[in-house]
Amino acid sequence: MILIEHLDVILTVDADDRVIRDGSLVIDGDRIAAVGGALRVAERYAEEAFERVIDGRRVLAMPGLIDAHVHLSEQMSRSLFPDNLSTRAWVFNWGKPFYAAVTEEDEYCSALLAGIEMLKTGTTCFLDMGAQNDPRLVALAVERLGIRGITGRHAADRKPEIIPEYWTEEMMRHHFFENAEEALRVLGGVVERWHGFAGGRLRCWVNIEGKEPCSPELHVGARRLAAELGVGTTYHIASSIEEARVSERTYGVWPVTRLHRLGALGPNLVLAHVVALTEEEIGYLADSGTKVAFCPGTSLKVAKGATRIGKYPEMLKRGVTVALGCDGVSAAGSLDQMRQMYLSAGLFKDARMDADLIPARQAVRMATIEGARALLWDDEIGSLEEGKKADLILFDLDHFEWVPMHDPLQALVYSATPASLKMTIVDGRVVMEDRRVLSVDEREVYAEARWRAQEVVRRSGLRREFTPVTTTLYD
């Protein structure tokens with residue numbers, strides 16, 4: 001058992017958003033046994049001999065952050081792709097060749113590298129879009145790091161009519177199944193093999209790429225198979241106005257309306273991005289219980305238009321579960337979920353000149369309990385409550401970012417960064433302390449990632465002077 005006593009502040013992020021001053025927290029195994037005022041907890045556990053007692057003075061505790069959309073296999077592409085790419089060119093011209101060049105060994109190293117960054121920036125749970133190879137490598141990385149997460153296997157089944165000359169045969173085999181039936185067979189097997197691995201810290205979903213590279217049968221089939229298996233599914237949709245216009249030319253409607261008409265929406269589905277959305281489509285999401293992963297950092301870098309055409313405040317108002325995601329490091333630049341909190345709380349205030357939009361309290365919920373709800377895990381994570389999993393992070397309030405501190409929620413969202421994070425606890429285990437991940441040699445991982453990244457780029461054939469920055473694929 002672990003006692004964290006006399007915490008200056010506990011942000012519970014429970015249903016009432018309780019903020020506890022001078023509080024204590026008891027961890028028994030992998031669960032929170034008690035959370036409340038320090039005197040009450042001390043009386044309750046007066047006779048207890050704790051394995052470890054942590055001094056919580058000048059410390060803030062809160063639930064671990066939850067990243068609702070990330071690409072672990074993208075981690076070694078940091079700063080590789082040009083920053084003048086729109087979404088479709090990013091995916092088809094740069095993303096696919098890079099992913100196809102990632103080997104199993106690369107993927108394991110990439111997952112370790114991503115996990116280190118997440119644990120050191122406060123993320124304790126993630127939803128990965130899916131491994132490019134066997135999810136075994138992600139599973140083993142999760143087990144080793146001590147982090148919590150969801151993964152799957154990347155899947156698409158619809159090749160473009162004209163294959164770009166820089167797409168290799170290996171890339172085509174790597175990315176595309178022959179049909180939806182084959183893809184679903186493999187995806188179902190992946191779930192059966194890896195769901196519940198690492199003592200339950202790893203879950204496995206029926207994940208697909210989404211958008212044009214996936215047939216209607218795969219969109220609908222993925223959600224239905226996931227429901228049969230008792231898990232979720234996630235994919236990209238409505239990620240840009242260009243995608244919406246292609247959908248309108250091809251099918252007569254925007255992407256979410258098409259999913260609605262196909263019967264593909266539902267409560268076990270997390271849609272990533274959802275930038276191009278109509279007012280009517282908000283209703284489809286709300287009525288079906290479909291969740292949304294908003295990635296503000298990617299919108300800024302890849303010019304998706306979240307503040308120009310996005311309707312995230314409207315989705316929140318209608319009761320749609322909107323969580324936050326970092327996406328991949330080439331798309332957004334980092335896996336810093338605190339940055340996403342800051343952006344989500346500020347972008348719409350400025351864009352619409354309305355300071356009431358997405359207050360700090362809501363931004364924190366989007367990064368914690370709403371993320372847990374999107375991941376179908378809110379019964380166990382996302383808030384600090386008795387009986388829930390002990391996934392939490394501790395901040396050093398003696399760091400200049402917190403001095404002085406009047407409102408802890410505003411200080412967290414607008415002032416703090418991971419620089420003041422001092423401890424990350426997952427499943428009741430301290431996995432990061434004093435800026436060091438305890439389960440790996442970070443320098444060894446960094447050294448390996450550097451040379452592997454060079455080899456991935458070499459195999460991919462990506463070159464700024466050769467690879468185009470525009471595309472007409474699937475138009």
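The values are calculated or read from the model by the stated rules, or taken from the named source; none is laboratory data. In this text, all values refer to a predicted model and were calculated from it rather than measured experimentally. Note that each Cβ is placed from the backbone with ideal geometry, even for glycine, and that neighbours are counted across all protein chains shown.
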Among the residues of the stretch 324-366, count how many are farther than 24 Å from TRP377 by Cβ, aliphatic (A, V, I, L, M) and not in a helix (DSSP H, G or I).
3
For the stretch 387-415, name all the residues that are among the acidic types (Asp, Glu), in contact with a Lys or Arg (Cβ under 8 Å, 6 or more places away or on another chain), in a loop (DSSP other than H, G, I, E, B) and surrounded by fewer than 24 Cβ atoms within 10 Å (Cβ to Cβ).
ASP398
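For the stretch 235-245, name all the residues that are farther than 10 Å from ASN207 by Cβ and buried (at least 19 other Cβ atoms within 10 Å of the Cβ). If you could, list the steps in order and put the result at the bottom.
First, pick out the residues of the stretch 235-245 that are farther than 10 Å from ASN207 by Cβ: 236-245.
HIS236, ILE237, ALA238, SER239, SER240, GLU243, ALA244 - these are the residues of the stretch 235-245 that are farther than 10 Å from ASN207 by Cβ and buried (at least 19 other Cβ atoms within 10 Å of the Cβ).
So if I check each of ALA111, ALA89, which one is under 22 Å from VAL302 (Cβ atoms), out of contact with any Asp or Glu (no Cβ under 6 Å at 6 or more places or on another chain) and in the same structural domain as PHE294 (by TED's automatic domain parsing)?
Details: ALA111 fails: under 22 Å from VAL302 (Cβ atoms).
Just one listed residue meets the conditions, ALA89.
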For the condition surrounded by 24 or more Cβ atoms within 10 Å (Cβ to Cβ), within 20 Å of THR151 (Cα to Cα) and assigned by TED's automatic domain parsing to the domain that holds ALA306, what is the one hit in GLY221, GLY232?
GLY232
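Taking the stretch 416-426 as the search range and keeping residues that are of a type in the set (A, V, I, L, M) and surrounded by fewer than 23 Cβ atoms within 10 Å (Cβ to Cβ), which one is nearest to GLY196 (Cα to Cα)?
The first filter runs over the stretch 416-426 and keeps only residues of a type in the set (A, V, I, L, M), leaving 416, 419, 421, 423, 425-426.
After this cut, where a residue has to be surrounded by fewer than 23 Cβ atoms within 10 Å (Cβ to Cβ) as well, the list is 419, 421, 423.
Working: ALA419: 33, LEU421: 29, MET423: 26 Å.
So, considering only residues that are of a type in the set (A, V, I, L, M) and surrounded by fewer than 23 Cβ atoms within 10 Å (Cβ to Cβ), the one nearest to GLY196 (Cα to Cα) is MET423.
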Is at least one residue of the stretch 274-284 closer than 23 Å to PHE126 by Cα and in contact with a helix residue (DSSP H, G or I) (Cβ under 9 Å, 6 or more places away or on another chain)?
yes
Can you tell me which residues in the stretch 336-382 are touching a Ser or Thr at 6+ places or on another chain (Cβ under 6 Å), closer than 30 Å to HIS195 by Cα and among the small types (Gly, Ala, Ser)?
ALA363, ALA374, GLY382
If we scan the stretch 337-354, do we find a residue that is under 17 Å from ARG148 (Cβ atoms), crowded, with 19+ Cβ neighbours inside 10 Å and among the hydroxyl-bearing types (Ser, Thr, Tyr)?
no
Filter result (touching a residue at least 60 places away in the same chain (Cβ under 8 Å) and under 27 Å from LEU376 (Cβ atoms)) within the stretch 96-112
TYR99, SER110, LEU112
I'd like to know if the stretch 101-118 contains one or more residues that are closer than 22 Å to TRP194 by Cβ, crowded, with 19+ Cβ neighbours inside 10 Å and at pLDDT below 95.
yes
